[in-house]
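See structure below.
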C-alpha cells in the first residue's frame, strides 16, 4: 500500500510539472525577418491578439519590406479585477521578454520592434525597464544588451506615463499616468528607442486633464500609426548588425509586394503565413487541473504520513 501511494504521488507531481511547462517555438534561420520583427501587445479585452493594432501591423508589413509581426498572446481577456490586472501585466511583461530573447536566439541578425497599447503599454514598459510602480508585481529590467537588437519601443496610452521624459510624444505635458513609473532611470538603456504617445483627454496616461470621456485614449491608432512607422524606418535605427540578404535557396520568397505576418491566432486578412514566433505563456496554464492534481497529491501525502505514524489509530 505504501509503495502504491508513493508511486501515485510521484505520478501526479510529474503530471503537474508537464502541465506547467511553457511551450516555446523557434523560428528557422530561413524564416527570420529581413526587415523587422514586430511583437505587439494589445490592450485589455476580448478578441484576437492584435485587435485595433492590426492596422499598425499591416502598415509595418506594407512599408518595411521583409518584416513579420505577431500579437503577444498574453491573457488580455480574463482580467476581472485590479488584482488580476496586476498579475496579467506581470505575466505579459515576462512573456514579452521571453519573446524577445527567444527570437534573438533564433534570428540574431533581425531587428525587433515592440509595441504596446494601454495595458499592453504597461507590460511593454515593465519588460524593458522593470517595475517601479507602486503595487505592481516585480519584473527585472531587460538586459541592456538588447538595445542593439530592439530598434523601436512604441507605447500608446501608458498609465505609467511620467511627464518630462525624453521619449514622450503627444500634447500631454502636465498630466501624469494613474500609476506613474517611480524610477524612469531604469529605462535609460532603451531611452533613444522609446516613444510614449500620450494626449490630453486620455484619463489613463494624462490624468486629470481633462475628463473628456477618455476619448484621446482611443485615438492613437488613427493619429500616430504613420509616425510610428516613420520612426521605425529612420536610417539611424538600422545601425549595427544588419539582416542577412535574401538568397534564392530560401524556402520563403519575400518581396516588397508580399508582406508576411506571424500569427498567434487566425489572421483578419490573408497575407502569406510564416511559421509561428517563439511562444511561452504562463497565462495559458491549465490552472484547474493543476489545482486538482496538487490537492490530490497533498491528500495522498497526508494519508501516507498518518498511516505510517499511526496518528489516526484508535487506542486498544
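Computed from the coordinates by the stated procedures, all read-outs in this text should not be read as laboratory data. Note that the structure is a prediction, hence the values are computed from the model and not measured. Cβ sites come from the backbone with ideal geometry, for glycine too, and all protein chains shown count toward neighbours.
Going by average Cβ neighbours within 10 Å, how do the peptides 31-42, 163-174, 181-192 rank, with the highest at the top?
Numbers: 31-42: 25.1, 163-174: 15.3, 181-192: 17.0.
My ranking of the peptides, most packed first, is 31-42, 181-192, 163-174.
Dividing the alpha-carbon radius of gyration of the range 86-177 by 2.2 N^0.38 Å (N being the number of residues), what value is obtained? Provide the component values of the computation, followed by the final result.
Values: Rg = 13.4 Å, N = 92, 2.2 N^0.38 = 12.3 Å.
Here the answer is 1.09, to two decimals.
Could you give the length gained on full extension between residue 165 and residue 134, defined as 0.36 nm per residue of separation minus the Cα-Cα distance, in nm?
Working: separation 31, 0.36 × 31 = 11.16 nm, distance 1.90 nm.
Working it through step by step, the gained length comes to 9.3 nm.
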Requested in this report: Just order 227-233, 43-49, 118-124 by mean Cβ neighbour count inside 10 Å, highest at the front, would you?
Outcome: 118-124, 227-233, 43-49
Report task. Classify the range 138-239 as rounded, prolate or oblate from the Cα gyration tensor: take a ≥ b ≥ c as the square roots of its eigenvalues, call it rounded if a/c is under 1.5, otherwise prolate when a/b beats b/c and oblate if not. Result -> oblate
Query raised in the report: Using every alpha carbon pair in the range 42-142, what percent of pairs falls into each 10 Å bin from 0 up to the bin containing the largest distance?
Result: 15, 45, 32, 7, 0
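Mind ranking 133-144, 77-88, 61-72 by how tightly packed they are, going by the mean number of other C-beta atoms within 10 angstrom, highest first?
Details: 133-144: 15.2, 77-88: 12.9, 61-72: 23.1.
Highest to lowest by the protection proxy: 61-72, 133-144, 77-88.
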Report summary line: Where a ≥ b ≥ c are root eigenvalues of the Cα gyration tensor, a/c under 1.5 meaning rounded, otherwise prolate if a/b exceeds b/c and oblate otherwise, the range 177-224 counts as oblate
Query raised in the report: Can you list, bin by bin at 5 Å, the percent of alpha carbon pairs in the range 128-198, starting at 0?
Result: 4, 17, 28, 27, 18, 6, 1
